[in-house]
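All remarks here apply to the structure that follows.
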Amino acid sequence: MTADRAAPVRQVRLADNTIGDEEIEAVGDVLRSGWLSAGPRTELFERAFAGALGTTDAVAVSSGTAALHLAVLELGLRPGDEVIVPTLSFVASAATVALHGGVPVFADVISESEPTISPAEVERLLGPRTRAVVVMHYAGYPARTREIIAIAHRHGATVIEDAAHAPVVDDGGMVGTLGDVGCFSFFATKNMTTGEGGMIVARDPEALGRMRAMRSHCLSRSTWQREQTGGADYDVAAIGLNYRPTEISSAIGRIQLGRLAADRRQRRLLTARYHERLGEISGLGLVFSGHRGDSAHHLLPVVLPHGVSRHQVRAFLNASGVQSSVHYQPTHLFSYYRERRRTTEQLPVSEAMADRLLSLPLHARMTTGDVDHVAGTLAEILARPSGRE
């Protein structure tokens, strides 16, 4: 007899999607139709997403960054205007402000257990040049949006919700519809995906109409509209961009939207299992473990104990078949923003977390057995002296 082979290492991906045969068939229908750019399927996707949020309209775009960019363009920033943004977020929110000569002013988070933008910091940072505040629903958990809206609106500032992590989350009103503008992302790793894609909603229908126009060069009639009427003439009344989605992405998005509730139930189950198992690890911080409201359960972030080498932890997890990541390195620590930051910014909580944040695998294709493997592997490395610096 041959010697027994070593058991294969269990592989647990950081993120995955639930695209299946329905999406594949829908893409085939688009390709067979011959119309690939934004058209009838995009209109259907916009209506479906708006309906899920309880709004009357939504504008599909090519990415979550495009959504944020159009929201910033609608502000009409002048050089030196300020927009308060959370530092614990993807760099896009700061970049879209800086791109137009605006000043991203970085705000700290509330705490290590609730790392969403701090209302108290927003109040402290508001000034005469503040035009807007970006509220990011980190990991899919609602930020304290209403508090921030009250503070911002007293100062005449717009509130932009970055709901990239939180599609169709009810916080006594759908996340993304509470502020003035809501921006969503359908990137490949998001809870619902179109590969690349995004969506915008707004409280002011006229503002949303302007953003819809800017999505397609501010043409008075879209290519699809001209195709339907047979006309070739159009006007351009303002400067716009090409942030249109494809019919392919919109067809995928409609089906993914229908899968969202079932996928979320699985994510919720897995998160509860994680918190049960990880709660046994001394010194490990469980982000949002006390949250009792609705959540997208987009990420499973933890905060490593002080003195632990994240690099070594990630290497051990990887060798054990467990992918991990970091969401996020605080934006103000990147070289471009570090060289330009304001001296009034104080970000002690985010900086204390910067080298200790770790994202563990979480997606609807996972099982509770996968969670047990991840949690057990993390407990093993944290129990070893070699896991500490």
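FRET efficiency for the pair R265 and V9, taken as 1/(1 + (r/R0)^6) with r the Cβ-Cβ distance and R0 = 35 Å, rounds to 0.75. Dipole magnitude for the chain: about 400 debye, using +1 per Lys or Arg Cβ and -1 per Asp or Glu Cβ, origin at the Cα centre.
Once the other residues with Cβ under 15 Å from the Cβ of E280 are scored (Lys, Arg +1; Asp, Glu -1), what is the net sum? Result for the local shell: -1. With a cut-off of 13 Å between beta carbons, the residues surrounding D204 carry a summed charge of -1, where Lys and Arg count +1 and Asp and Glu -1.
Using the 1.4 Å probe convention, the accessible area of the chain works out to 44 Å² per residue with neighbouring protein chains retained.
In a reduced charge model with +1 at each Lys and Arg Cβ and -1 at each Asp and Glu Cβ, region 2-62 shows a dipole moment near 260 debye about its Cα centre.
Rounded to the nearest 10 degrees, the angle from helix 21-33 to the longest Cα principal axis of the chain is 30 degrees. Computed from Cα positions, the angle between helix 247-278 and the longest principal axis of the chain comes to roughly 30 degrees. Accessible surface of the chain, 1.4 Å probe: 51 percent of it comes from carbon and sulfur atoms. Once you have a ≥ b ≥ c as the square roots of the Cα gyration tensor eigenvalues for region 1-122, tell me rounded if a/c is under 1.5, and otherwise prolate or oblate according to whether a/b is larger than b/c. Here region 1-122 falls in the oblate category. Once the Cα-Cα distance is subtracted from the 0.36 nm per residue extended length, the E43 to A315 segment shows a gain of 93.4 nm. Helix 205-214 against the longest principal axis of the chain: what's the angle in degrees, Cα atoms only, rounded to the nearest 10? Around 90 degrees separate the two axes. GNM on the chain, C-alpha springs below 10 Å: top fluctuator among V97, V201, V27? The residue with the greatest mean-square fluctuation here is V27.
Modelled spin labels at Q228 and R384, positioned 7 Å past Cα toward Cβ, are 6.2 nm from each other.
Pair-distance distribution P(r) for the chain, from all Cα-Cα distances in 20 Å bins starting at 0: 27, 54, 17, 1, 0 percent.
Could you tell me whether region 112-228 comes out rounded, prolate or oblate from its Cα gyration tensor? Rule is a ≥ b ≥ c as square roots of the eigenvalues, rounded for a/c under 1.5, then prolate if a/b exceeds b/c, otherwise oblate. Oblate, because a/c is 1.5 or more while a/b does not exceed b/c. Shown here for region 246-302: GluC sites (Glu not before Pro) in loop regions (DSSP other than H, G, I, E, B) with at most 13 other Cβ atoms within 10 Å, namely E280.
The values are calculated or read from the model by the stated rules, or taken from the named source; none is laboratory data. Since the structure is predicted, the reported quantities are computational estimates derived from the model, not experimental observations. A quick note on method: Cβ atoms are made from the backbone with ideal geometry, for glycine too, and the neighbour counts reach across all protein chains shown. Ligands, DNA and RNA are stripped out before the accessible areas are found, and what is left, the full protein with its side chains, is counted by its heavy atoms. Shrake-Rupley method; radii C 1.70, N 1.55, O 1.52, S 1.80 Å.
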